[in-house]
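Q: Structure incoming, see below.
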Amino acid sequence: MSEPRKKSGTASPGGALSGGIDAILAGIRVPDLPYPPGKLAEGDVSDWRPLMASCWAEQRDERVTHVIRSVNLDWSVRQVNAAYIADRIMDLFLKTSGLHPELSRRIARLRFYLAWRMNLEGPRAFDPDLVQWLDGLQEWRGWSNTGGRSGKALLDQLQSLIVAVSATFEDEGIAALKRFCEDWTTDARKREAQVEKLSRRLLETEQGASRQRYADQIARALLGRALQNRRLPEPVARFLRDNWYRLLKQAAWSSGVDSEELRHGSKLLEWLVWAGDPALSDKDRNRLYQVGEQLGDRVADVWQRVMSEPLPAGALDGIESVLVARLRGESVDLVDPLSTPAPLTWQSGWLSTTKPEPEELERLADRWFVNGEGQKQERRYFFAFLEDSGEVLWTNGAGVKLGLQGWVEFKKEMDAGLLRPLPELTAFGKVLKDTVSVLADVCEKQRKQRERAAQEARARAEALRLQREAEAEQRRAREAEREAELARQREEIEQKRIADEEAERQRDLRERTLLAEKQVAGIKLGGWITVRAEPERDPQRLKLAVRINASRKLVFVDRLGLNRQEFLESDLVQGILEDRIRILGSSAEFDDTLTRVVGRIRVGRN
């Protein structure tokens, strides 16, 4: 019986997984990580290969994100996200792998290599050979850091991993790591065949030893129970401790604890003790005589049946001499049979061993168990339950015996929590898939949040634009309203001015009309007026010849009394107002008279 091996079904990352890693590298944003303030030019991004190689060579247990935060260099978004993904994968691997903490801690240091390769190749950093090797580490789930040979062999192999990954950093290729994984797989196949052989051999050996051990303990327990608190003659004690112990052991081994042979041997043991102990048989000498007569024959008969050979000659001589002395009433020297010839160690519990129920045994067998915590924990494999001795056979999972433990003690430790089943292991491939799935969901949520934020920003910008346009429209409306009000006010002022001017004109017109009417009314017969028919011609002088009051008509003639013209008073007034007609006053008459006089004188001279 050997430990069942769990085969890994994980190969290279699938399409969805690859797409998820690419999306996470490009899109996820994690608070408190050293992202660049803006997009860096390719020449401005720091080369982190020497830093990652140094951390791997020193076998540091820090997170990659802590390392890149601790140095003042410019990292790209892809580098920061690669570091974060590597940390998340290896942190989850540390918690859920089920491997010994020391082993999982050493494997988790690959985070520096994975971060570096993810920045270069994205999902191709998880090479199928590497993932298969990491999944195959479940073979070592029972490994404990106890300093044993098998433990040191694994640590030596992991030293080869350090060399292979360091060569990968130097060569900037993965050939050295692939060779390491291939060599490891080859060694694992060889180990599997060897473990199967060792486990089968160990089970055969331990089952035989268990039967021998059980027979020995049953014989000791029967002797110890029968001889406890008894004082026997030395020959009887010696026969029981030597010959009869061998018979009881042989009966239990060859025929079983429930056999007729063992029951006969146990019954004769009680008769031998009764016959040898004066405290039990002194009160009934007749019965002692009867037992003494039959005892030798019965002992020889049972010996022959169990041992398949006659009882050694002289083996019962000492017992017979003791019985003869006892029947004669002679005293015999007594000894403690549990201490003669040497102290006898025995446990009565072997006479009533507890066997597990088949269902319980099926549930607990072929499983790994662990005791202790953290780095000090030790793991052991429930390799087999030895039915004869009722013991659990513990191994290291590689066919090497770690020890035996009684079933009762095993159950006590289980119930007290000192020993507990090893939880189910989680393969690296599943850790990788689960981590990428979770981070991809986070990345998708962040993308949707950014899109929603962008939409909200655009909506706010549009709302702000509309608000500003509305405010501008309102300002324009208020300005137009103000301009309209100003125009209205100007119009009112203009209208008022026009009205005032019109009123002034009307007043002036009325005054001029009154004055004209007065002048017209004041024209006397013979009074002169000037009439300008056309603007370019000189005005014509006319004299009032007739005034007709009934029709309010005035008749004018020129100097010679010709060219009669008639005017209504209203027409005359209108002409005065239009400055076409002018009423001449006394000065005008004087000018006119002077003109005539001067004209006559000139005529007379001529």
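Q: Just how far, in whole angstrom, is the range 82-108 from the range 546-585 if you go by their alpha carbon centroids?
A: With the range 546-585 and the range 82-108 each reduced to a Cα centre, they are spaced 130 Å.
Q: Taking +1 at the Cβ of each Lys and Arg and -1 at the Cβ of each Asp and Glu, which of Ala125, Ser70, Gln467 sits farthest along the dipole of the chain towards its positive end, judged by Cα position relative to the Cα centre?
A: So the residue furthest toward the plus end is Gln467.
Q: Moving on. How big is the charge dipole of the range 291-420 about its Cα centre, in debye rounded to the nearest 20, if each Lys and Arg gets +1 on its Cβ and each Asp and Glu gets -1 on its Cβ?
A: About 580 debye.
Q: What FRET efficiency comes out for Ala416 versus Arg363 if R0 is 22 angstrom and r is the Cβ-Cβ distance? Round to the nearest 0.05.
A: 0.75
Q: Now a separate question. So what J values fall out for the range 348-364 if you push phi through Karplus, 6.51 cos²θ - 1.76 cosθ + 1.60 with θ = phi - 60°, rounded to Hz, Gly and Pro as x?
A: Rounded to whole hertz, the list is 5, x, 5, 7, 9, 5, 9, 9, x, 5, x, 5, 5, 5, 5, 6, 9.
Q: Using the Kirkwood formula over every pair of different C-alpha atoms, what hydrodynamic radius in Å results for the range 221-298?
A: Hydrodynamic radius (Kirkwood, Cα only) of the range 221-298 equals 13.1 Å.
Q: Computed from these coordinates, which is semi-axes √(5λ) of the Cα gyration tensor in Å: [x] 146, 31, 17; [y] 135, 28, 17; [z] 52, 33, 23?
A: [x]
Q: Computed from the mean reciprocal separation of all distinct C-alpha pairs, what Kirkwood hydrodynamic radius does the range 368-515 have, in Å?
A: Evaluated over the range 368-515, this radius sits at 25.9 Å.
Q: At 7 Å along the Cα-to-beta-carbon direction for both Leu155 and Arg564, put a label point, then send me their distance in nm to one decimal.
A: 16.0
Q: Let me ask you something else. So for Thr354, Thr395, what's the accessible-area order with a 1.4 Å probe, most first?
A: The most accessible residue leads, giving Thr354, Thr395.
Q: Right, something else. So what are the radius of gyration and Dmax for the Cα set of the range 514-563, in Å?
A: Cα only, the range 514-563: 11.7, 35 Å (Rg, Dmax).
Q: Using a 1.4 angstrom probe on the protein heavy atoms only, could you order Trp48, Trp346 from most to least accessible area?
A: Trp346, Trp48
Q: Now for a different question. Taking the Cα atoms only, what angle lies between the long axis of helix 428-522 and the longest principal axis of the chain, rounded to 10 degrees?
A: 10
Q: Per DSSP helix of 4 or more residues, -39500 (n - 2.57); summed, then divided by the residues of the chain. What does that give at 222 nm, rounded to the nearest 500?
A: -20500 deg cm²/dmol
Q: For the range 176-204 and the range 457-496, what is the centre-to-centre distance using only Cα atoms, to the nearest Å?
A: The range 176-204 and the range 457-496 have Cα centres spaced 90 Å from each other.
Q: Starting from the Cα gyration tensor of the range 440-538, multiply each eigenvalue by 5, take the square root, and state the resulting semi-axes largest first in whole Å.
A: Ellipsoid semi-axes (Å, largest first): 83, 14, 4.
Q: Helix 317-328 sits at what angle to the longest principal axis of the chain, using alpha carbons and giving 0 to 90 degrees rounded to 10?
A: 70
Q: Continuing with this model, one more query. Return one whole number: the accessible area per residue of the range 174-229 in Å², for a 1.4 Å probe.
A: Per residue, the range 174-229 has an accessible area of 55 Å².
Q: Over 10 Å intervals from 0, what percent of Cα-Cα pairs in the range 159-229 sits in each interval?
A: Pair shares across the bins are 17, 20, 15, 14, 12, 11, 8, 3, 0.
Q: Whole number please: convex hull volume per residue, Cα atoms of the range 410-481, in Å³.
A: Spelled out: Cα convex hull of the range 410-481, divided by residues, is 119 Å³.
Q: Still on this structure, I have one more. Viscosity 1.306 mPa s, temperature 10 °C: give me the Stokes-Einstein translational D for the range 80-175 in µm²/s, with Rh taken as the Kirkwood radius over C-alpha pairs. Intermediate results must be reported in sequence, preceding the final value.
A: On the way: Rh = 14.2 Å.
My calculation gives 112 µm²/s for D.
Q: Return the long-range amide H neighbours of Arg29 (sequence gap of 5 or more, or a different chain), with a cut-off of under 5 Å between placed amide H atoms.
A: Amide H neighbours of Arg29, under 5 Å, 5+ apart: none.
Q: Also, quick follow-up: Can you pick out the pairs among Lys152/Lys197; Lys376/Lys430; Lys355/Lys411; Lys39/Lys445; Lys524/Lys553; Lys190/Lys376 whose Cα atoms lie more than 18 Å from each other?
A: Among Lys152/Lys197; Lys376/Lys430; Lys355/Lys411; Lys39/Lys445; Lys524/Lys553; Lys190/Lys376, the Cα-Cα distance tops 18 Å for Lys152/Lys197; Lys376/Lys430; Lys39/Lys445; Lys190/Lys376.
Q: What is the percent of Cα-Cα separations in the range 127-251 that go past 24 Å?
A: Within the range 127-251, distances greater than 24 Å cover 57 percent of Cα pairs.
Q: Please compute the alpha carbon radius of gyration of the range 316-394, then divide it by the globular-protein estimate 2.2 N^0.38 Å. Two decimals is fine.
A: 2.10
Q: Let me ask something additional. From the alpha carbon gyration tensor of the range 193-265, can you work out the equivalent ellipsoid semi-axes (sqrt of 5 times each eigenvalue) and give them in Å, largest to smallest?
A: With the √(5λ) rule applied to the range 193-265, the semi-axes are 34, 13, 9 Å.
Q: In addition: In whole Hz and in residue order, list the ³J(HN,Hα) couplings for the range 120-127 that follow from phi through the Karplus curve 6.51 cos²θ - 1.76 cosθ + 1.60, θ = phi - 60°; x for Gly and Pro.
A: 7, 10, x, x, 5, 4, 8, 4
Q: Among Leu568, Leu247, what's the order by accessible area (1.4 angstrom probe), most exposed first? Write out the running numbers ahead of the final one.
A: Working: Leu568 70, Leu247 0 Å².
So the residues, ranked largest to smallest area, are Leu568, Leu247.
Q: Give the average over all directions of the projected area of the C-alpha convex hull of the range 249-356, one decimal, in nm². Kindly include the intermediate steps, with their values, before the conclusion.
A: Details: hull surface 33.5 nm².
Mean orientational projected area (the range 249-356, Cα hull): 8.4 nm².
Q: Roughly how many percent of the accessible protein surface of the chain is carbon and sulfur, given a 1.4 Å probe and a whole-percent answer?
A: 50
Q: Where the eigenvalues come from the Cα gyration tensor of the range 323-363, what are the semi-axes √(5λ) of the equivalent ellipsoid, largest first, in whole Å?
A: On the way: eigenvalues 415, 37, 6 Å².
After diagonalising the Cα gyration tensor, the semi-axes are 46, 14, 5 Å.
Q: I would also like to ask the following. In Å and from the alpha-carbon atoms only, list the Rg and Dmax of the range 496-585.
A: Every Cα atom of the range 496-585 included, Rg and Dmax give 14.6, 52 Å.
Q: What number does the range 291-339 give for Rg over Rh if you use C-alpha atoms and the Kirkwood radius?
A: 1.04
Q: What ³J(HN,Hα) values, in whole Hz, does the Karplus curve 6.51 cos²θ - 1.76 cosθ + 1.60 give for the range 267-274 when θ = phi - 60°, with x put for Gly and Pro?
A: 5, 5, 4, 5, 5, 5, 5, 4
Q: What fraction of the DSSP beta bridges in the chain is antiparallel, stated in percent and rounded to the nearest 5?
A: 100
Q: Still on this structure: Using only Cα atoms, what Kirkwood radius does the range 29-124 have, in angstroms?
A: About 13.8 Å for the range 29-124.
Q: Tell me the volume per residue, in Å³, of the convex hull enclosing the alpha carbons of the range 180-221.
A: 51
Q: Considering only protein heavy atoms, what is the solvent-accessible area of Ser551 at a probe of 1.4 Å, reported in Å² to the nearest 10?
A: 60
Q: Report the gain in length on full extension from Arg60 to Leu577: 0.36 nm times residue separation, minus Cα-Cα distance, nm rounded to one decimal.
A: Here the answer is 174.2 nm.
Q: Pull up all non-local amide H partners of Leu402: gap of 5 or more, or a different chain, and H-to-H distance under 5 Å with H placed in the peptide plane.
A: Amide H to amide H, under 5 Å and 5 or more residues apart or across chains, Leu402 pairs with Trp394, Thr395, Asn396.
Q: Let me ask something additional. Around Thr96, what is the net charge, scoring Lys/Arg as +1 and Asp/Glu as -1 over all other residues with Cβ under 11 Å from its Cβ?
A: So the surrounding residues net to -1.
Q: Under 37 °C and 0.692 mPa s, how fast does the range 351-401 diffuse according to Stokes-Einstein, given a Kirkwood radius computed over C-alpha pairs? Answer in µm²/s, whole number.
A: So the translational diffusion coefficient is about 270 µm²/s.
Q: Restricting to Cα pairs below 8 Å that are 6+ residues apart, what does the relative contact order work out to for the chain? Please round to a whole percent.
A: 15
Q: Then there's this: For the range 274-380, what is the accessible area per residue in Å², given a 1.4 Å probe and the full set of protein chains? Working shown, then result.
A: Numbers: 6550 Å² over 107 residues.
Ligands and nucleic acids excluded, the result is 61 Å² per residue.
Q: Still on this model: With every protein chain left in place, what is the accessible area of Asp366 in Å² (1.4 Å probe, nearest 10)?
A: Accessible surface of Asp366 is approximately 70 Å².
The values are calculated or read from the model by the stated rules, or taken from the named source; none is laboratory data. For clarity, every value in this text was computed on a predicted model and none was experimentally measured. With ideal geometry, Cβ positions are generated from the backbone for all residues, glycine too; neighbour counts draw on all protein chains shown. What goes into the accessible areas is simple: the full protein's heavy atoms, side chains included, and nothing from ligands, DNA or RNA. Shrake-Rupley method; radii C 1.70, N 1.55, O 1.52, S 1.80 Å.
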